[in-house]
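K.L.:
First, the structure itself, so that you have it in front of you.
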Amino acid sequence: MKPILLLLASATAVVARFGPNVRVDRNYQSEYACGYCAIALGPGAPSSPPIYVAFHGEGWLDSRTAVWFQKSLDGGRTWLPDDLLIQRGEPWAFEPDITTDSEGNVYVEYLDEYIDTLGGRHYLITCVRASDGGATWTTPARIDSSSVGIGSVRIAADSAGNLLCAWNGYGSGSGLHIWSSVSTDRGATWSKKVRVDDDTTGYDCGNADVFVQPGTNHYLVVAEVPRWFEVTPHFRYCAYFYRSTDRGLTFQPGVQLDTFDWTAFSPHVIADKDHIICDYTGTGESLSGYQNFTESRTYYSGPDTWGGPVAIHSSYYDARLALSGDGRVHTALQMYTMGRCNAYYTSSSDHGASWSDPELVNEDTVSTGFADIGADSDGHAYVVWAQGPSGCFRIWFATNNPAGIAEGTSNAELRAPNSGPTVVRGVLVLGGNGDSPSEREDARYSPHFPVMSRASLLDISGRRVMELRPGANDVRALAPGVYFIRRPETEDGRPAAAIRKIVVAR
């Protein structure tokens, strides 16, 4: 007997894996690209906290970038109807980071570059605060400024609402160093910068990451720092860890984390009251030659010692970290294969001593970048990343929280009659002929890639079992059960409103 397929308008699916990808940004200009996104969770219900995302966007026509803000209050299923502007660059405002405190304040720091009347370039690190969920923002407060460049700025909040910011920039001595500043008035003013690294080579430091350890309020910083090796005279970049026990006034001497025989880069740090978990990517020797490895190391209080390096995986890099209330550590990684990058997820339930197998997060196979991750107190992970063909990046989101990927109950934004999927004699007919605004945009800026799939077919666990293309799709081979159709975008290029449920019976 042939399968019988029934379409239902709404239902709730319980899933354990990452669910369908959701478009976050709301900019539909074809001459526009988003990038460098960061995510933070605010205080709220354990399994449904508010989700905040900051990102920058570049307009190709006026060559300016701006910093934007988005949020979701339903686990990431829906987002604000319009992106909220934080800063429009003159010409560039870019590379934001975002954090929250226990009172629900949201902080966004970013780099702001402007050109004065004499043609001189100036670089500012600025911070803004919202106390109403992002509806209004304070006047930008200057953290640091320079005429020769600043970069890689990260921000974190301690238990009292004080803020720590770290970055790389010029100052005393030669080369770039890692600097930090602290705000004790919720971002309104910032302390004089303090040098974090103890490098003496004169080469550049970079790519700082920050975290405040709960329980101790120790300020933690990791960074790429050069080291000189005497046996065979040369220098290489290493992953170093620094700690301040006096809330950013001074930092202890650095601890080298990696043991690679070549270079290490992209370090990150997270902590609970008894553990500090760091990761980094580096190049080391393997049986097949030199290749990249992503490793973690854990500091255990009590014995006050660092554990040895633990491999998260080879061929992955830039493993951003998050810690959930159940003690699990979560990472969002990138992997570069076949000429493109993809976003992956893995986790550890033993404070970084071992890691799960990586799981692919993004559904489409176009390149991704700038993946970041957050986690709630119930152990769910939330990943945001930039994705798109030929540099036309948009901001996307996915979660393994069932509440965040449950089917919507409203039909308000469903497409007009006859534009949805239909089923005739075991063939699923999906609307869309490749001539929608979003499809034309994809084709225009990605002539060498096929148009992105307009829909995926998922099983009850959230696993993608089939790509659905506009037109007829033969689904007679499906096993009996419940399936879901998810469109990444509607035909006008905007995020889809709901998941369509399919019941396959015999």
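Readers should treat all values here as calculations from the given coordinates under stated rules, not as data from a laboratory. Keep in mind the model is a prediction, meaning the values are calculated, not measured. For neighbour counting, all protein chains shown are included, and Cβ atoms are generated from backbone atoms with ideal geometry for every residue, glycine included.
K.L.:
For the stretch 313-369, would you read off the P(r) tail past 17 Å as a percentage of all alpha carbon pairs?
P.N.:
Within the stretch 313-369, distances greater than 17 Å cover 36 percent of Cα pairs.
K.L.:
Under the Karplus relation 6.51 cos²θ - 1.76 cosθ + 1.60, θ = phi - 60°, what is the ordered set of whole-Hz ³J(HN,Hα) values for the stretch 38-50, x standing for Gly and Pro?
P.N.:
9, 10, 8, 10, x, x, x, 4, x, 9, 8, x, x
K.L.:
Now, a different point. Can you work out the FRET efficiency for the pair Thr189 and Asp116, with r the C-beta to C-beta distance and R0 = 30 Å, to the nearest 0.05?
P.N.:
Details: r = 24 Å, r/R0 = 0.80.
Working from the Cβ atoms, E equals 0.80.
K.L.:
Taking the radius of gyration and the Kirkwood hydrodynamic radius from Cα positions alone, what is the Rg/Rh ratio for the stretch 145-241, to two decimal places? It would help to have the intermediate numbers written out before the result.
P.N.:
Values: Rg = 14.5 Å, Rh = 14.2 Å.
Over the Cα atoms of the stretch 145-241, Rg/Rh equals 1.02.
K.L.:
On to the next question. Among Glu224, Glu363, which comes first, second and so on when ranked by fewest other beta-carbon atoms within 10 Å?
P.N.:
Numbers: Glu224 24, Glu363 21.
So the residues, fewest neighbours to most, are Glu363, Glu224.
K.L.:
Net charge near Gln334: determine it from the other residues with C-beta under 14 Å of the C-beta of Gln334, scoring Lys and Arg +1 and Asp and Glu -1.
P.N.:
On the way: positive: Arg320, Arg340; negative: Asp279, Asp318, Glu359, Asp372.
Taking every Cβ under 14 Å from that of Gln334, the sum is -2.
K.L.:
Moving on to the next point. Relative contact order for the stretch 20-146: what is it in percent, counting Cα pairs under 8 Å that are at least 6 residues apart? List each step's numbers first, then the result.
P.N.:
On the way: 312 pairs, mean separation 24.2, N = 127.
Relative CO of the stretch 20-146 lands at 19 percent.
K.L.:
Hull surface divided by four, with the convex hull built on the Cα atoms of the stretch 75-148: how many nm²?
P.N.:
Details: hull surface 24.8 nm².
Projected over every direction and averaged, the Cα hull of the stretch 75-148 covers 6.2 nm².
K.L.:
For the stretch 20-146, just the Cα set please: Rg and Dmax, both in angstrom.
P.N.:
15.2, 53
K.L.:
What FRET efficiency comes out for the pair Asp272/Ala477, r = Cβ-Cβ distance, R0 = 41 Å, nearest 0.05?
P.N.:
On the way: r = 47 Å, r/R0 = 1.15.
Result of the calculation: an efficiency of 0.30.
K.L.:
Same structure, new question: Please give me the summed charge of the neighbours of Trp179: other residues whose Cβ is under 11 Å from its Cβ, Lys and Arg +1, Asp and Glu -1.
P.N.:
+1
K.L.:
What Kirkwood radius, in Å to one decimal, follows from the Cα pairs of the stretch 203-281?
P.N.:
Numbers: mean 1/r = 0.0765 Å⁻¹.
13.1 Å is the Kirkwood radius here.
K.L.:
Here's something else I'd like to know. Under 5 Å between amide hydrogens, which residues at least 5 positions from Ala455 or on another chain qualify, with H placed 1.01 Å from N in the peptide plane?
P.N.:
It is Leu468, by chain and number.
K.L.:
Most exposed first by the Cβ proxy, i.e. fewest other Cβ within 10 Å, how do Ile395, Ile373 rank?
P.N.:
Values: Ile395 30, Ile373 24.
Taking fewest neighbouring Cβ atoms as first place, the list is Ile373, Ile395.
K.L.:
What net charge is computed for the residues neighbouring Ser47, neighbours being all others with C-beta under 15 Å from the C-beta of Ser47, Lys and Arg scored +1, Asp and Glu -1? Present the calculation step by step, with values, prior to reporting the outcome.
P.N.:
Numbers: positive: Arg77, Arg328; negative: Asp74, Asp326, Asp376, Asp378.
Charge balance near Ser47 sits at -2.
K.L.:
Then there's this: Looking at the P(r) of the stretch 124-190, how many percent of alpha-carbon pairs lie beyond 14 Å?
P.N.:
On the way: 1313 of 2211 pairs.
The calculated P(r) of the stretch 124-190 puts 59 percent of pairs beyond 14 Å.
K.L.:
Still on this model: Give me Val128, Val53 sorted ascending by neighbouring Cβ count inside 10 Å, so fewest comes first.
P.N.:
If I rank by nearby Cβ atoms, fewest first, I get Val128, Val53.
K.L.:
Return the distance in nm (one decimal) between the two label points of a simple spin-label model at Ser301 and Leu85, each offset 7 Å from Cα along Cα→Cβ.
P.N.:
That separation, rounded to one decimal, is 4.5 nm.
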